[in-house]
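Taking it in order: structure first as structure tokens, then the write-up.
The values are calculated or read from the model by the stated rules, or taken from the named source; none is laboratory data. The model shown is predicted, which means the values in this text are computed figures rather than measured ones. All Cβ positions, glycine included, derive from the backbone under ideal geometry; neighbour counts span all protein chains shown.
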Amino acid sequence: MKKTSAKAQLPLHDQNHLFAALPEETKERLRILAEPVWLKRDEILIEYDTPLEYVYFPIDAIVSLLFVVNSGASTEVAVVGNDGLVGAVSLLSGENTCTKAFVMSAGFAYRIPKQPVHDEFHSDDNTLFLFLRYIQTLITQTSVTAACIRHHTIEQQFCKLLLLALDRLPCNNLMLTQEVASTMLGVRREGISEAAVKLQGLGVIDYHRGHITVLHRPKLQKLSCECYAILANETSCPPPSSPINIPVAAAYAARPNSLIDPKCVYCFRYGSCIYLKQNLIQATKKCVRSELEQ
Ligand SMILES: [Zn+2]
């Protein structure tokens, strides 16, 4: 597939959930400016304390946000895929970011110059709410990560990392070398190697030269710490009190191939699910999709 043909094959509003949930007028203005780009694995999109030129809406790429200390060691504080955008915090503050954005899994994204997105962010209440809601999920990721690296094992963290990546991919495999995984978790490579060997021995994954295929996702979830469930829920399920006023049914009908499961009455992803309109959301009800995976 020619990478230059991406724009015709990957309509932006069908592929990135955050962009899809923007008000129609905002989307129209930003779509004109959106440029499809192929993000190479290990590519650095945003460097620490460097002015932001573009923001990125990933399609099937996964970007890791790393905090780097003076020694050069780093730890992942959040991950961004088709659920959000890279550069969100700088849009809010207008200042340089304190994290480095690094491509964990290669794929397509759409990039848009920062300034017009910043202007939309500050000129429309619904757009502002959406971005703030997304930033809240980043804050949650950061908070959970702080506790996770202190209290959970490397194996649990590795399982969580794989699950969060798979949630942002249309398949059950990804390229992830042990070196990259150790950088993301801020641990020694040997720890990742031990975890990968154990998971392979249990039949949970197949691992070969950085190519990981998840063979048994329910087992992977059981071996992960509770942090995964918290983050998955936070990413996919904003509170039903959302003030967003969008034609939900129309939005859903316009994206029949989206990753939203029409059977799911809990996960309505930024107000884009048809069930939001039908008042089927119940705070205590579990996601149908998660029950099917048991
Ligand atoms: Zn954890």
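Where in the stretch 15-110 are there strands (runs of 3 or more DSSP E), lying fully within it, with 2 or more residues that are under 22 Å from residue 163 (Cβ atoms) and among the small types (Gly, Ala, Ser)?
The strands (runs of 3 or more DSSP E) meeting that bar are 74-80, 100-105.
Restricted to the stretch 143-161, and to residues that are hydroxyl-bearing (Ser, Thr, Tyr) and assigned to a helix (DSSP H, G or I), which residue is farthest from the ligand (Cβ to nearest atom)?
That would be 143.
List every residue pair whose Cβ atoms sit under 6 Å apart, with the two residues 6 or more apart in sequence or on different chains, where the first one lies in the stretch 173-197 and is within 23 Å of residue 216 (Cα to Cα) and the second, anywhere, is outside any helix (DSSP H, G or I) and among the hydrophobic types (A, V, I, L, M, F, W, C).
Here the result reads 174/212; 176/212, each pair linking the stretch 173-197 to a residue that is outside any helix (DSSP H, G or I) and among the hydrophobic types (A, V, I, L, M, F, W, C).
Mind counting the residues in the stretch 100-137 that are within 20 Å of the chain's Cα centre (by Cα), of a type in the set (S, T, N, Q) and either modelled with pLDDT of 90 or more or under 17 Å from residue 39 (Cβ atoms) (or both)?
Number of matching residues: 1.
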